[in-house]
Amino acid sequence: MEKIQWKVEGMDCTNCALTIRRYLEKKGMKDVKVNFGTGDVSFDINGNTATSELSKGIESLGYRVANQRPVTGNRQPFLSTHLHRFLFCLPFTAVLMLHMIPGLHIHALVNPWVELVLCLPVYITGMNFFGRSAWKSLRNGLPNMNVLIAIGATAAFIYSLYGSLSGQAENYMFYETAAAIITLVFLGNYLEDASVHSTQRALNKLAKSQKVMANMIAFDDQHREQVFRVESTELRTGDLLLIKSGEQVPADCKILWGEADVNESILTGESLPLHKVIKDMLIGGSIIQDGTVKAQVTAAGNDTVLSGIINLVKRAQGEKPPVQLLADKISAVFVPVVLGIAAVTFITNWIILENFASALMRSIAVLVIACPCAMGLATPAAIAVGLGRGARNGILFRNATSLELFKNIRQVVFDKTGTLTTGEFAIANWQLAIASLQEEEFKRIVYSLEKYSNHPIAKSITAEWKSKDEIRWEKIEEVKGLGMKAEDKEGNTYQAGSFEMARQLTQDDKHSVYITKNNQLLGWVDVKDEVRPEAKAVIKYLHTKNIKTILLSGDKYAKTKLLGDQLGIDEVIAEQTPGQKLQKIAELNSQIPTAMVGDGINDAPALAKASVGISMSDASHIAMQTAQVVLMNNGLKNLPAALGLGKHTYITIRQNLFWAFAYNIVAIPVAAFGFLTPAFGALVMGLSDVVLAINSGRLFVKKVE
């Protein structure tokens, strides 16, 4: 299976997305996701189906697959966008509306044939778009909102044309109504597109940073180094780059020469620059603030961390949280229901008012003011902003459902090592067991033994006690589960390891590393795992929100309890295996909704079991499948923002859905009783989507913690 991602133009409502999804599923495509708000369509395709055939099929439904067409230039053909159509129709409609200005009477403008000539270009333009789309949607059995617009405008136009041809023009002059409906709906569609695009700005900013110019290093036939300017899209793994101060890193790469201060805020939200040296990784999209480096590309194009983030967010935007399901069900039957209401409005008003023209105008007003788009746009608009803001600040949501689940979280479970602590050890204390042994000699023995170990504790000790005068061992080995064992030239045996190694020499099991010589205890060393500086503030924040905190660790109870008390954690559960952690999370989750924060590797089963799994991970682990939320760059400080952003995104979705339902429930009866003209209804219909986009846009600046 190959994953296909397209940008499809021409989708206006949930029905449009439903039409495309059903078509692709009918053709055998799997995991089809369609987001009409952003135009993103993704699906899995097998090797037997040509994408060109699917593209033509989608175009036959009335839509356009943008990235399947050859690029002919940056300029779009005239009348190919809603803005173009609106600007074309506006002069004709404006002249038609002049006779409605009080005190202004231009005899030529009330001539039915002049009005027909002015209305005809607008009507043809409108039907070329709305009419085509409406007919194709009806042909496929899924009427979209363009059916309402096309019927409304056509009814007004045909009614006026009949009056002109029958010589009864004074009673049938509604050309301006037909033109106004088409023109104002084009305006509304343009405003809707602009509003939706504004909700995508955080993701668009990330996407734009993918394409930059790069300085690629090459060598001529004399092995002299030369630098060429190329686009980042041309880079391949293994290419050599020169990146100077002020330039953007064009792809993921590893530093081979030089050092620099790097700003990774576009990916992590962290404004402070990080100092990078030889062998450190650079993430594509970050900025070299100071320094110059030569680096080798490790990932380019769609394989980069930044590309992975963008694809992750796009996939999440295509997901629908449970709160949207009701709106989708209503949207699917919305157009037929409105057509029925419009028919009842026409018949009822004609019987009561005994005026065909008034009844027709009221039924047309019902058609054009109804807005299924608002119900379909309510969720995508809010999710686009929520996910975009999260991605911009180092918070990645793998799916939209996790955004909604945050509202119910009442307790948060933390792993210890690498989550509340840095995972980097430092010597906390040490002591000699033999008074005659000198301190420097003890440190020399410890360093000489631990130098050959890859254990994190051993590395932390050797980093602090580094010595040039190390012992030259005759032989040395690492005994699994115990520690290091060595023999010097005089035949003395030394060991450095856990309590199991020194069990026969002492009853004190509280220390990290024990050092022995010829089965005699020389002393011990204690190390501590440094607590993250932001950990205490995060725990305090959760308590202010009445969220219970639990520390779940595989470490010994004494050490775990000490950390829990230091941070003020409510409950401590220690000495748990990965299987026991999984059982404990399942037990906690069955009581109340629970989030778990872990390092995303050892805690993978428990993360998957929690209501919301939150992974503490740097960028290289972004592709983990177990956690629904990833805090990049080990960003525990972003946990309050992740929780708050999830809750406030859900609140925004509810507000949007309330507006969408309330608008249609109020607007349709108002139009049916004759309190709105069709032209004003068309304008209000377009602005209804803008209201949702503005409300969603508040998430960009709203305080969410």
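The values are calculated or read from the model by the stated rules, or taken from the named source; none is laboratory data. The shown structure was predicted, so the numbers you read here are calculated from the model rather than taken from an experiment. Here the Cβ positions follow ideal geometry from the backbone for every residue, glycine too, while neighbour counts run over all protein chains shown.
The table below lists the values:
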| quantity | calculated |
| --- | --- |
| Criterion: in contact with a Phe, Trp or Tyr (Cβ under 6 Å, 6 or more places away or on another chain) and either closer than 21 Å to residue 362 by Cα or of a type outside the set (D, E, K, R) (or both) - qualifying residue of 160, 137 | 160 |
| Residue match in segment 287-294 (condition: modelled with pLDDT of 90 or more and either in contact with a Leu (Cβ under 6 Å, 6 or more places away or on another chain) or not in a strand (DSSP E or B) (or both)) | yes |
| Matching entry among 569, 471, 547 (being under 29 Å from residue 435 (Cβ atoms) and β-branched (Val, Ile, Thr)) | 471 |
| Filtered residues of segment 444-456 (kept if assigned to a helix (DSSP H, G or I) and either surrounded by 19 or more Cβ atoms within 10 Å (Cβ to Cβ) or among the hydroxyl-bearing types (Ser, Thr, Tyr) (or both)) | 445, 446, 447, 448, 449, 450 |
| Subset of segment 349-364 (residues that are without any contact (Cβ under 8 Å) to a residue 12 or more places away in the chain and surrounded by 15 or more Cβ atoms within 10 Å (Cβ to Cβ)) | 350 |
| Residue count for segment 319-348, restricted to those that are surrounded by 14 or more Cβ atoms within 10 Å (Cβ to Cβ), more than 15 Å from residue 151 (Cα to Cα) and modelled with pLDDT of 90 or more | 1 |
| Close pairs (6 angstrom Cβ cut-off, 6 or more residues apart or separate chains): within 17 Å of residue 411 (Cβ to Cβ) in segment 576-588, among the basic types (Lys, Arg) and part of a helix (DSSP H, G or I) anywhere | 582/609; 585/609; 586/609 |
| Residues being crowded, with 16+ Cβ neighbours inside 10 Å and without any contact (Cβ under 8 Å) to a residue 24 or more places away in the chain - total across segment 121-134 | 2 |
| Residue in segment 72-95 that is within 19 Å of residue 365 (Cβ to Cβ), modelled with pLDDT of 85 or more and not polar (S, T, N, Q) present | no |
| Residue that is more than 30 Å from residue 596 (Cβ to Cβ), at pLDDT 85 or above and not acidic (Asp, Glu), where the choices are 682, 660, 667 | 667 |
| In segment 239-257, residue surrounded by the most Cβ atoms within 10 Å (Cβ to Cβ) [restricted to those that are of a type in the set (Val, Ile, Thr) and under 16 Å from residue 229 (Cα atoms)] | 249 |
| Selection from segment 136-168 of residues that are without any contact (Cβ under 8 Å) to a residue 24 or more places away in the chain and hydrophobic (A, V, I, L, M, F, W, C) | 138, 158, 165 |
| Output for segment 178-195, where each listed residue is closer than 18 Å to residue 124 by Cα and either of a type in the set (A, V, I, L, M) or more than 42 Å from the chain's Cα centre (by Cα) (or both) | 178, 179, 180, 181, 182, 184, 185, 187 |
| Pair list, Cβ < 8 Å and 6+ apart or interchain, from segment 330-345 residues that are on the phi > 0 side of the Ramachandran plot to residues that are loosely packed, with under 13 Cβ neighbours inside 10 Å and at pLDDT 90 or above | none |
| Residue check, residue 14 surrounded by 13 or more Cβ atoms within 10 Å (Cβ to Cβ), at pLDDT 80 or above and among the β-branched types (Val, Ile, Thr) | no |
| Residue tally, condition surrounded by fewer than 16 Cβ atoms within 10 Å (Cβ to Cβ) and either more than 21 Å from residue 556 (Cβ to Cβ) or not assigned by TED's automatic domain parsing to the domain that holds residue 517 (or both), over segment 480-503 | 6 |
| Pairs, first touching a residue at least 40 places away in the same chain (Cβ under 8 Å) and not assigned by TED's automatic domain parsing to the domain that holds residue 90 in segment 683-701, second among the β-branched types (Val, Ile, Thr) and not in a helix (DSSP H, G or I), C-beta under 9 Å, six or more apart | none |
| Those residues of segment 248-283 which are within 24 Å of residue 642 (Cβ to Cβ), of a type outside the set (D, E, K, R) and either at pLDDT 90 or above or part of a loop (DSSP other than H, G, I, E, B) (or both), in sequence order | 269, 271, 272, 273, 283 |
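Listed here are the residues, each with its yes/no results for (1) surrounded by fewer than 20 Cβ atoms within 10 Å (Cβ to Cβ); (2) not assigned by TED's automatic domain parsing to the domain that holds residue 594.
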{"residue": "630", "(1), (2)": "no, no"}
{"residue": "637", "(1), (2)": "yes, no"}
{"residue": "657", "(1), (2)": "no, yes"}
{"residue": "662", "(1), (2)": "yes, yes"}
{"residue": "666", "(1), (2)": "yes, yes"}
